[in-house]
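Input: a single structure, listed below in structure tokens.
Derivation of every value follows stated rules applied to the coordinates shown; laboratory data play no part. Here the structure is a predicted model, which means the values were calculated and not measured.
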């Protein structure tokens with residue numbers, strides 16, 4: 001696999017960083033512009049991988065929230081996810097995706113219709129398929145993003 005910038009869509013919004021994990025170009029421009037610039041200018045593949053790991057780490061912290069007292073899981077979302085790819089329900093990436101689906105539904109997003117479309121847009125990677133679908137959802141429905149508390153704290157409480 002090449003460490004050169006690659007995109008998964010013709011509009012060049014998705015960039016594959018590490019192990020098949022793609023991140024939105026727009027998201028990186030907004031949240032990690034210095035790291036994005038350093039990644040693009042990296043002289044070696046090792047340096048590019050190191051910067052990509054940092055971008056993915058920041059993205060995971062900002063966009064993947066821990067499950068607190070309110071568990072966002074919904075049998076309806078699980079059924080939709082199961083039809084797209086049974087692997088979506090396996091591992092820790094399902095809960096952040098499920099929470100984002102709940103926020104999207106509250107905002108009026110048609111999860112049952114749109115999520116299969118997002119899942120079919122491109123093959124989901126072998127590693128972290130739920131994380132990839134989560135990114136696609138955030139790109140398609142900004143209302144799915146967690147909203148920080150008024151005091152600037154995290155959108156959800158830390159895990160217990």
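Quick notes
- Estimated at 0.36 nm per residue, the fully extended path between residue 147 and residue 78 surpasses their Cα-Cα distance by 22.5 nm.
- Straightening the chain between residue 57 and residue 37 buys 5.5 nm, computed as 0.36 nm per residue apart minus the Cα-Cα spacing.
- P(r), alpha carbons of the stretch 14-63 - 5 Å bins starting at zero, rounded %: 5, 23, 37, 27, 8, 1
- Scattering curve values for the stretch 75-144, log₁₀ I(q)/I(0), Debye with Cα scatterers, q = 0.21, 0.23 Å⁻¹: -0.78, -0.96
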